[in-house]
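Shown next, in structure tokens, is the structure this report addresses.
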There are 2 protein chains.
Amino acid sequence: MVRLFSVFSLRNLLVLSVALNVSLILRVLYEKESRVISGLSLDNSREALRTDSMPSEAHATEREHLSMPSSSSSSSSVDSNGRDRVINLDHGDPTMYERYWQQTGDKSTILIPGWQSMSYFSDAGSLCWFLEPEFAKEIIRLHKIVGNAVTEDRYIVVGTGSTQLYQAVLYALSPLDAVEPLSVVSASPYYSSYPLITDCLKSGLYKWAGDAQSFNKEGPYIELVTSPNNPDGYVRQSVVNKSGGILVHDLAYYWPQYSPIAAAADHDIMLFTVSKSTGHAGMRVGWALVKDEEVAKKMVKYVELNTIGVSKDSQLRAAKVLQVVTDGCKYPTSEEGSLFDFAAHLMEERWKLLRAAVRQSGLFTLPEFPPGSCRFLNISFAPRPAFAWLKCEAPIEDCEAFLRSNNILTRSGIHFGVGPQYVRISMLDRDENYDVFVDRLSTIHLRQSMQGR
Amino acid sequence: MVRLFSVFSLRNLLVLSVALNVSLILRVLYEKESRVISGLSLDNSREALRTDSMPSEAHATEREHLSMPSSSSSSSSVDSNGRDRVINLDHGDPTMYERYWQQTGDKSTILIPGWQSMSYFSDAGSLCWFLEPEFAKEIIRLHKIVGNAVTEDRYIVVGTGSTQLYQAVLYALSPLDAVEPLSVVSASPYYSSYPLITDCLKSGLYKWAGDAQSFNKEGPYIELVTSPNNPDGYVRQSVVNKSGGILVHDLAYYWPQYSPIAAAADHDIMLFTVSKSTGHAGMRVGWALVKDEEVAKKMVKYVELNTIGVSKDSQLRAAKVLQVVTDGCKYPTSEEGSLFDFAAHLMEERWKLLRAAVRQSGLFTLPEFPPGSCRFLNISFAPRPAFAWLKCEAPIEDCEAFLRSNNILTRSGIHFGVGPQYVRISMLDRDENYDVFVDRLSTIHLRQSMQGR
């Protein structure tokens, strides 16, 4: 252990230095580019971020899975990076996007008078009567320019985040008169919320049936295909090879900042959300593209029973934000540039930093991705997912506990249907938190940490 | 029938004339008062309402209960009141409030920049981590000035409308390890959505058990007490007199425009919504005041699982709107006056018109309410509920079908646990629709309608 300690001290100093250099070089390069376009320093605009929008720190140890981030990011800078500062990367809170939206200024600002949008109804005559027509229009525009999904001959169903739409799909696909609940499966590692949401009310309509790879029950089932996958970022296809299955594609991360857009997805049921496309998690808005009219109708019915529609205010704001994104793609020389360029650069930078830190530390491994051609960005690149699916190598057995003892909060692999040697780490936090995280990861002492437990 | 026809023709002409006179007198009186205060004609501001916000007409006959208003209000005036124009009063869409909010102008306008409220979290350290602190503050301010609910020693849980909070309560109160689902009851006539929402997923946690008055099962149960009641407007108390029951108070209509505020409600679990207090149904925001910390925590957990929180945009807008309402109460001489004065006047006028029409027609009856003292408005008055619970007298057996044959869409009593001789009618629609409705109700020919079926 003593030997390890000294080895890691030296190694870690090296990796810290390398990481900071790479970070500085990349940032200088990218910011120079931005300044030429916008005349605005990203650092300045970052500093202008309201500190009162940052969550406060509290209750670091009593957190529950998926519950509030009892401890969250503070607003201190890298320079004042104390070891006792808790970095919460458990949730995929997409606050890294704030910096882009600051640059768009008034373009993305929305003004809602007190008398507007008072009715329950957005478009009483349409199948999804609570869908704002303006939002529907912008969804189609965005998919058309990005080329990530076919919108023709589809019904759009809006939901309070794609989380509600997932439940709407389960409701829509489950026969009301079935003798036993419909099985719901997904290949592990699967999104940790799927089993929790599916089983939380002990529904007689549907039931979580675990890992799709080992599913061998006869009869109808639903297979969830998350692609790129949450948590590991791989592009996926259905794995259950049986009749009677209905596929649901969760495409929350199928955007060019995370993964090459190989082709327009053309599935029966596709789920999207603004949380991961534009970074507006607080809006709670998602959308489904649905081929079958009856399925779409039943999904609408669920959202009606569950929440009598979806916030109009957020839909109007989402329409505005998508409009700015699409316009930014059409006119990339605009002041703020394209959201996807911004986010793609940032994700590339972050993944480079992370891989450098992981490579040097020798304590962890990360998934490797082959590069692919992106028809939107017109380049070939390897995926840079919204989450890092980190594996702790031996002798570390519980990766989440190991990182927690270093005040880095992540989500354990056990919630994703695999073992505790894995954790999921959000890559979408604010710059100052991400920087502290990578810095700390590269300087973790195995001995110190193991003693601390 | 021929005799009835001639009698009703004369009667109806009379009632139409009386109703129009009462309407004109009341409006002149109220508008004169408003003009003195604001220098603004209500009719002018009403005309300024955007017509593009009105739902379109379609599919009048194929409507389903609680589904989209396939046919809805058009924007034509009373003068062009054709018999074929469908008046949809099935839903409690509170569009009558648009007129008030127009008068508040910029005061109630909200501006949200693109970079704001992007995180999932509103107040990471608090029990309800997705509750905007500003909204919580305004909830307390409003209850304090109106005096309709005790807020001390309560947790506030925000929901996507009180509909979601109702489900959160069921989840929070149901033991996870129970051998059979918890019974949920409410005295009939009960809110038509309760049974539908409770049973839609065939939950193993809870189950709709019908009319509370005939409930006699042993063991724990939940009793829903809606007061004033939806649909009939009566003030209510618990009716099940057994041990093991948990009361949930739905106080959506306990506001001074509908009912005298006799005292501050002081129950364990109380539900409210902006839809019926300020008229902002499109926001999808409600709140619960909860005494027990564990119950509040489990409710938060449900909202987290169901929708990962509640739209921040709508919460910010709701905060603004409640602030304007409270300020309007504090400074009633302001330009727009108090929301409650506006709505109380309008509801009084509407109920007078409705009672005049019903009295003269002889086809219907309405509930009668004793007057009560209101500690907020400092006067005594009889309730003027948000819904009219109309009974068709013999020979009409199916009141909903009878009114539908006259192109008035209402919700049948069968959905509220009683017979088809009753219907629920929204009293909160826009002026032009309400006027056409009262006018038409007073001129319905029994013979003509019965033939038309």
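How much length is gained on full extension from A:T365 to A:E218, taking 0.36 nm per residue of separation minus their Cα-Cα distance?
On the way: separation 147, 0.36 × 147 = 52.92 nm, distance 3.77 nm.
Net length gain for the segment: 49.2 nm.
Provide the net charge surrounding A:K352, with neighbours chosen by a C-beta distance below 11 Å and charges set as Lys +1, Arg +1, Asp -1, Glu -1. Please list the in-between numbers first.
On the way: positive: A:R350, A:R355, A:R359, A:R384; negative: A:E348, A:E349.
Around A:K352, the surrounding residues sum to +2.
For a paramagnetic label modelled at 7 Å from the Cα of A:L247 toward its Cβ, which residues of the stretch A:204-233 fall within the zone defined by backbone nitrogen distances under 14 Å?
Hits in the stretch A:204-233 for A:L247 at 14 Å: A:222-228.
Can you pull the one-decimal nm distance between simple spin-label points at B:S405 and B:T151, each 7 Å off the Cα toward Cβ?
So the two model labels end up 5.1 nm from each other.
In whole Hz and in residue order, list the ³J(HN,Hα) couplings for the stretch B:338-347 that follow from phi through the Karplus curve 6.51 cos²θ - 1.76 cosθ + 1.60, θ = phi - 60°; x for Gly and Pro.
8, 4, 5, 4, 4, 6, 5, 4, 5, 5
Let me make sure I get this right: for the stretch A:119-330, a, b and c are the square roots of the gyration tensor eigenvalues over alpha carbons, sorted descending. Under 1.5 in a/c it's rounded, otherwise prolate if a/b > b/c, else oblate. Which is it? Can you show the working numbers first?
Working: a/c = 1.89, a/b = 1.30, b/c = 1.45.
Cα axes put the stretch A:119-330 in the oblate bin.
³J(HN,Hα) across the stretch B:210-221 via Karplus (A = 6.51, B = -1.76, C = 1.60, θ = phi - 60°), whole Hz, x for Gly/Pro?
The phi angles translate into x, 4, 5, 5, 10, 7, 9, 7, 6, x, x, 7 Hz.
By count of other Cβ within 10 Å, fewest leading, how are B:H445, A:H415 ordered?
On the way: B:H445 18, A:H415 22.
Exposure proxy ranking, most exposed first: B:H445, A:H415.
Report, for A:K352, each distance to the same residue's label point in the other copies, shortest first and in nm; define the point 7 Å along Cα→Cβ.
Distances to the matching label points in the other copies: 7.6 nm.
Estimate the FRET efficiency between B:D211 and B:S380 by the formula 1/(1 + (r/R0)^6), using the beta-carbon distance for r and 41 Å for R0, to the nearest 0.05.
Taking R0 as 41 Å, the efficiency between B:D211 and B:S380 is 0.80.
Around A:V248, what is the net charge, scoring Lys/Arg as +1 and Asp/Glu as -1 over all other residues with Cβ under 13 Å from its Cβ?
Every neighbour counted, the sum reads -2.
Within a Cβ distance under 14 Å of B:F369, other residues only, what is the Lys/Arg minus Asp/Glu net charge? Please list the in-between numbers first.
Working: positive: B:R236, B:K352, B:R355, B:R384; negative: B:D232, B:E348, B:E368.
Here the count lands on +1.
Place a point 7 Å from Cα of A:E294 in the direction of its Cβ. Which residues in the stretch A:207-239 have their backbone N less than 18 Å from it?
A:220-222, by backbone N distance to the label point.
Mind counting lysine pairs for me in the stretch B:119-330? Cα separation below 13 Å, and the two need to be 8 or more apart along the chain or on different chains.
Going through the stretch B:119-330 pair by pair, I get 5.
Readers should treat all values here as calculations from the given coordinates under stated rules, not as data from a laboratory. What you see is a predicted model, and the numbers here were worked out from it, not measured in a lab. Don't worry about glycine lacking a Cβ; one is built from the backbone with ideal geometry, like all the others, and counts go over all protein chains shown.
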